[in-house]
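The structure appears right after this line, and notes come after that.
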Amino acid sequence: EFFDPVTDEVIKDKGVENQSQPFSLAKDVSSDAAWTFDVPSDIDIIGVRIVARSDAFSDGEQHALPVLPNRMMVMESLRLDVNGNETKEFSMDQLVHKTSGSAEEYRLTLEFASNPAWYAVQALPVLSNPQSDNAVSWFASYYAYTLGYHISQAYPNVARMIDVWKKQGGDADTFLSNLEKNEELKNVLLE
């Protein structure tokens, strides 16, 4: 029988009605049995009690089974470029109108960056610390330092802004990249 592991109530009305499966088993022998059943999409975990009965004896076991979704989170982005003193209209149709019959809209998030180059600057500290002792990590570190030096030489305002942040008592969060601060994005990547 199928049951809710949280409440221990037998599930009767969720499309997983109790199923009896006949099988034969010789004395003193173990065997596997397999069957399929449909689990509704609103169940995250389902309990199953399996009992084998004969005229003189019965034995059983129960398990809580996690229900893994047959869905995945799909993230799509749309780049919106607008120059200073400019007005533009954008259509979000490609993000909203889906051709899949099972697609569900989950969330629409708009992130705005007045200067997207800051994302690259904020990501440099992560790259500058080698993650392991191999050539790729050390090259990434070298690249980050070289790129940071080039940016500070080409755009002195960037270096001045970082110095101002430091003098104003900027904490560690000040220099985290927006990707590191964005909990929603982290959660999506984990799902």
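Some observations on this one:
- A residue that is at pLDDT 80 or above, in contact with a helix residue (DSSP H, G or I) (Cβ under 8 Å, 6 or more places away or on another chain) and closer than 30 Å to residue 74 by Cα cannot be found anywhere in the range 170-178.
- The listed residue being over 30 Å from residue 147 (Cα atoms), without any contact (Cβ under 8 Å) to a residue 12 or more places away in the chain and of a type outside the set (Gly, Ala, Ser), out of 44, 38, 93: 93
- Only one entry in 120, 64 is assigned by TED's automatic domain parsing to the domain that holds residue 43 and within 25 Å of the chain's Cα centre (by Cα), namely 64.
- Verdict on residue 142 being outside any loop (DSSP other than H, G, I, E, B) and aromatic (Phe, Trp, Tyr): yes
- All conditions in (1) loosely packed, with under 12 Cβ neighbours inside 10 Å; (2) in contact with a Ser or Thr (Cβ under 9 Å, 6 or more places away or on another chain) hold for residue 153, with the sole exception of (2).
- Pairs meeting the criteria (first residue in the range 48-59 and in the same structural domain as residue 37 (by TED's automatic domain parsing), second residue assigned to a loop (DSSP other than H, G, I, E, B) and surrounded by 11 or more Cβ atoms within 10 Å (Cβ to Cβ), beta carbons under 7 Å, at least 6 apart or on different chains) are 49/1.
- Any hit, the range 27-47, residues being among the β-branched types (Val, Ile, Thr) and at pLDDT below 80: yes
- Among the residues of the range 119-148, those identified as closer than 18 Å to residue 165 by Cβ, without any contact (Cβ under 8 Å) to a residue 40 or more places away in the chain and not aliphatic (A, V, I, L, M) are 128, 148.
- Flag for residue 90 being farther than 25 Å from residue 159 by Cβ, surrounded by 10 or more Cβ atoms within 10 Å (Cβ to Cβ) and not basic (Lys, Arg): yes
Yes/no matrix, rows are residues, columns are (1) in a loop (DSSP other than H, G, I, E, B); (2) touching a Ser or Thr at 6+ places or on another chain (Cβ under 7 Å):
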{"site": "28", "(1), (2)": "yes, no"}
{"site": "34", "(1), (2)": "yes, no"}
{"site": "52", "(1), (2)": "no, yes"}
{"site": "78", "(1), (2)": "yes, no"}
{"site": "94", "(1), (2)": "no, no"}
{"site": "101", "(1), (2)": "yes, no"}
{"site": "104", "(1), (2)": "yes, no"}
{"site": "108", "(1), (2)": "yes, no"}
{"site": "131", "(1), (2)": "yes, yes"}
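- Residue in the range 10-32 that is within 30 Å of residue 106 (Cα to Cα), among the β-branched types (Val, Ile, Thr) and more than 28 Å from the chain's Cα centre (by Cα) present: yes
The values are calculated or read from the model by the stated rules, or taken from the named source; none is laboratory data. These figures come from a predicted structure and were not determined experimentally. As a convention, Cβ positions derive from the backbone with ideal geometry for all residues, glycine included, and neighbour counts pool all protein chains shown.
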